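The values are calculated or read from the model by the stated rules, or taken from the named source; none is laboratory data. Just so it is clear, the structure is predicted and the values come from calculations on it, not from any experiment. Glycine also receives a Cβ, built like all others from the backbone with ideal geometry; neighbour counts cover every protein chain displayed.
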């Protein structure tokens, strides 16, 4: 099984447990995210927890200490952290966080979208785009805007794995392709 597949299974299990126990899924996500972010941003901690020369029992002790210092952590998140430590799979933590977030957003009927433009969009334009996407998809939309002057004009929208490229750069590429192909 790939690391991604394993991370997805751990995330699904955590999600299903939190849902069955009627826990606040967003609180569960915040706790999971806090540990994953700590793991990703702390190079020393990451080296220790992913070092194959360090026994899993020592990694579990580090995870227990982190949990003790963290205070009020969702029990299922704590158990998952300890399980990953025991199985020497703590490197999966960021991927588990990402997979859990995807599942949470789907459960909440929230769609993530990203719009890239050549210039900063005014807030009213962003609101119109968000509303249009909401009408088109039937879901709430969490919209992230980015600026990339290289697209010259227009916009590139990314919704999940689907990309709608309405940039001037892409239109110029299409024109060039048609001119060079003779059609």
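Observations, loosely collected:
- Where a residue in the stretch 73-88 is within 21 Å of residue 19 (Cβ to Cβ) and its partner, wherever it lies, is assigned to a loop (DSSP other than H, G, I, E, B), with Cβ under 9 Å and at least six apart: 74/23; 74/24; 75/21; 75/23; 76/21; 76/23; 81/73; 83/89
- Pair list, Cβ under 9 Å, 6 or more apart: the stretch 120-131 residue assigned by TED's automatic domain parsing to the domain that holds residue 150, other residue surrounded by 12 or more Cβ atoms within 10 Å (Cβ to Cβ) and assigned to a helix (DSSP H, G or I): 121/129
- Restricting the stretch 142-158 to residues that are in contact with a helix residue (DSSP H, G or I) (Cβ under 7 Å, 6 or more places away or on another chain) and under 19 Å from residue 111 (Cβ atoms) leaves a set whose member that is surrounded by the fewest Cβ atoms within 10 Å (Cβ to Cβ) is 145.
- For residue 39, the conditions (1) closer than 15 Å to residue 91 by Cβ; (2) exposed (fewer than 14 other Cβ atoms within 10 Å of the Cβ) all hold with the exception of (2).
One line per residue, one yes/no per condition, for (1) touching a strand residue (DSSP E or B) at 6+ places or on another chain (Cβ under 9 Å); (2) without any contact (Cβ under 8 Å) to a residue 24 or more places away in the chain; (3) in a helix (DSSP H, G or I):
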residue: 29; (1), (2), (3): no, no, yes
residue: 35; (1), (2), (3): no, no, yes
residue: 39; (1), (2), (3): no, no, yes
residue: 45; (1), (2), (3): no, yes, yes
residue: 49; (1), (2), (3): no, no, yes
residue: 54; (1), (2), (3): no, yes, no
residue: 60; (1), (2), (3): no, no, yes
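- Scanning the stretch 159-183 for residues that are touching a helix residue (DSSP H, G or I) at 6+ places or on another chain (Cβ under 6 Å) and closer than 16 Å to residue 129 by Cβ gives a single hit, 167.
- Among the residues of the stretch 64-74, those identified as out of contact with any helix residue (DSSP H, G or I) (no Cβ under 9 Å at 6 or more places or on another chain) and either surrounded by 13 or more Cβ atoms within 10 Å (Cβ to Cβ) or part of a helix (DSSP H, G or I) (or both) are 65, 68, 69.
Every residue, every condition in (1) under 21 Å from residue 101 (Cβ atoms); (2) out of contact with any helix residue (DSSP H, G or I) (no Cβ under 9 Å at 6 or more places or on another chain); (3) modelled with pLDDT of 90 or more, yes or no:
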residue	(1), (2), (3)
3	yes, no, no
6	yes, no, yes
34	yes, no, yes
41	yes, yes, yes
59	no, no, yes
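- Residues of the stretch 99-112 that are assigned to a helix (DSSP H, G or I) and surrounded by fewer than 16 Cβ atoms within 10 Å (Cβ to Cβ): 102, 106, 107.
- Enumeration of residues in the stretch 117-141 that are closer than 18 Å to residue 105 by Cα and in contact with a strand residue (DSSP E or B) (Cβ under 8 Å, 6 or more places away or on another chain): 130, 133, 134, 137, 139, 140, 141
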